[in-house]
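To start, the structure itself, in C-alpha cells.
The values are calculated or read from the model by the stated rules, or taken from the named source; none is laboratory data. The model shown is predicted, which means the values in this text are computed figures rather than measured ones. Counting neighbours? That spans all protein chains shown, and the Cβs are built from the backbone with ideal geometry, glycine included.
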Amino acid sequence: MKKLVLCLAAAIAFCACDSGETVITGNISDPVNIVYLVNIKGDTIDASEVTGGAFSLTCPFNPYTGVSILRGEGYDPICLIPDSWKITVSVKDDNISTEGSPLSYELQNLQQWALSTFMDSYGDSTALKAIADHCRSVYLEHKEDALGLQALSLMTPAISPEDFLSLYSEGGSIIKSDPHLTGQYEHLVSTADTLASSVICLFDDGTFRTSTGSFSDFVGNGSYTLIDFWASWCGPCRKETPNVVAAYNKYRSKGLIVLGIPVNDALNDTKAALKELHIHYPQLLDPAQIFAERFDINGIPTIILFDPQGNIIANDIRGPEIEDALSKIKF
C-alpha cells in the first residue's frame, strides 16, 4: 500500500517547458551508487553517481509536471515538482525532506499524511472520507498545478462519479492533460445514460424526496419524455418554466414524462426555485454537466422532446412550440 500511495504522483502529467533547468541536489543515507530522475513515462531524464551520499540531477523547470528520483529496488520513489531553480533533497532513515520547492514540500506532506491516515485506521471508510475531504481542500487551491493533480488522484477512489466529474470540470489544463484522469472522465461521460445521479422531487406539501436515478430511467422506456435543461440562475429559463409546467399539468395524465435537468446549479438554489416556480416534475441533477455535454447543450433553456424509443423528435422548442409538438402526439 505504501508504494501505491507514493507512486500516485506518477499520475502527474508531463509538459515540456523551455524556461530553463531545475537543479536537484541531495544527500541520502541509502547504500546506493547511482540515482535516476524519471518522468511519468518512466523515461530517464538524468542520472547521477552517489558519492559520499551526495548527488546532483537536472531537469526542465516546470511547475506543471512531476518527476521522481529512483534509488533502486526496495526504495519508494522520491516525488518532486520542479517549481523552482534549485531543490535540495535529504533522505535519512526513510525520512524525506525537501527545501527550495514549495509544491514538492506540500506534495510530500500530503502523501505522508494520506499514508499515515490510511494505515492508522486500516483503510476503513472513515479514513477514506478524511483523505478525500483533505485532498478536496488542497485540490480547490491548486487546480492549476501538479499538486492539485496529485490531490485529485488521491481522492478519486473515495468520491462518487458525479463528484469526480464536477471536480475534473473545474480543473485547469494540467488536469485535462493527464491521461488517467481524462480517461476516467471520458468513460463516465460516455456512460451518462446509465450513470446514477440524484433525483429530487417537490411534493405539494413543500417537502422534497431525494432518490437515485439515471437518464435511462426517464428516456426510452416506452413513454414520450419532455426534458428541460435549465438552471435557477438563468433568467430565460425561469421565464420558460411556466410553459413546461403547463405541458406537465396538461399531458401527464396521458402518459407524458417531464424531467428537469438543472445544469451546473447549486442544490439549495434548485430547491428554492422549484418551490418558487411550482415545479413538481422530477429533477435529475447535473452538476458536472455530463448530460448537457452528451446532448451538446450550448445554452439554456434547451427543451427536447423524445419519443418512446428515446429518439429526439423536437429539439430546442420554446413557448407555443412546446404545445404544438405535444398536440401532434397520439398518446
key: Test for residue 316: is it more than 30 Å from residue 184 (Cβ to Cβ), in contact (Cβ under 8 Å) with a residue 60 or more places away in the chain and among the charged types (D, E, K, R)   = no
query = Only one of these conditions is not met by residue 256: (1) touching a Leu at 6+ places or on another chain (Cβ under 8 Å); (2) within 22 Å of residue 299 (Cα to Cα); (3) aliphatic (A, V, I, L, M); (4) surrounded by fewer than 21 Cβ atoms within 10 Å (Cβ to Cβ). Which number is it?
reply = (2)
ask   = So is residue 306 among the aromatic types (Phe, Trp, Tyr), within 33 Å of the chain's Cα centre (by Cα), surrounded by 19 or more Cβ atoms within 10 Å (Cβ to Cβ) and within 26 Å of residue 211 (Cα to Cα) or not?
value = yes
request  = Select from the stretch 248-306 the residues that are among the small types (Gly, Ala, Ser), closer than 22 Å to residue 191 by Cβ and modelled with pLDDT under 95 and list them in ascending order.
outcome  = 288, 292
message = So if I check each of 69, 24, 81, 28, which one is β-branched (Val, Ile, Thr), touching a helix residue (DSSP H, G or I) at 6+ places or on another chain (Cβ under 9 Å) and either closer than 20 Å to residue 147 by Cβ or outside the structural domain of residue 142 (by TED's automatic domain parsing) (or both)?
response = 81
task = Would you mind stating whether residue 249 is within 21 Å of residue 311 (Cβ to Cβ), over 26 Å from the mean Cα position of the chain (by Cα) and either surrounded by fewer than 21 Cβ atoms within 10 Å (Cβ to Cβ) or among the polar types (S, T, N, Q) (or both)?
result = no
note = In the stretch 217-245, anything buried (at least 17 other Cβ atoms within 10 Å of the Cβ) and of a type in the set (Gly, Ala, Ser) is listed as 231, 232
request  = State which residue is farthest from residue 324 (Cα to Cα) when the search covers only the stretch 232-288 and only residues that are of a type in the set (A, V, I, L, M), part of a helix (DSSP H, G or I) and touching a Ser or Thr at 6+ places or on another chain (Cβ under 6 Å).
outcome  = 273
task = Working only within the stretch 274-288, note down all residues that are in contact (Cβ under 8 Å) with a residue 40 or more places away in the chain and either surrounded by fewer than 18 Cβ atoms within 10 Å (Cβ to Cβ) or over 22 Å from residue 169 (Cβ atoms) (or both).
result = 274, 275, 279, 280, 281, 282
message = Please determine whether any residue of the stretch 121-135 is in a loop (DSSP other than H, G, I, E, B) and among the charged types (D, E, K, R).
response = yes
inquiry  = Please verify whether residue 105 is of a type in the set (Phe, Trp, Tyr) and surrounded by 20 or more Cβ atoms within 10 Å (Cβ to Cβ), treating the condition exactly as stated.
reply    = no
Residue check for residue 127: touching a Phe, Trp or Tyr at 6+ places or on another chain (Cβ under 6 Å) and at pLDDT below 90 = yes
Subset of the stretch 140-153 (residues that are of a type outside the set (Asp, Glu), assigned to a helix (DSSP H, G or I) and surrounded by fewer than 23 Cβ atoms within 10 Å (Cβ to Cβ)) = 140, 153
request  = State the number of residues belonging to the stretch 172-189 that are over 8 Å from the mean Cα position of the chain (by Cα) and under 19 Å from residue 263 (Cβ atoms).
outcome  = 2
ask   = Do the conditions hold for residue 200, that is, is it assigned to a helix (DSSP H, G or I), touching a residue at least 60 places away in the same chain (Cβ under 8 Å) and in contact with a Phe, Trp or Tyr (Cβ under 6 Å, 6 or more places away or on another chain)?
value = no
task = Spot the failing condition for residue 105; the list is (1) assigned to a helix (DSSP H, G or I); (2) under 23 Å from the mean Cα position of the chain (by Cα), and only one is missed.
result = (2)
inquiry  = Among the residues of the stretch 203-226, are any part of a strand (DSSP E or B), farther than 28 Å from residue 142 by Cα and in contact with a helix residue (DSSP H, G or I) (Cβ under 9 Å, 6 or more places away or on another chain)?
reply    = yes
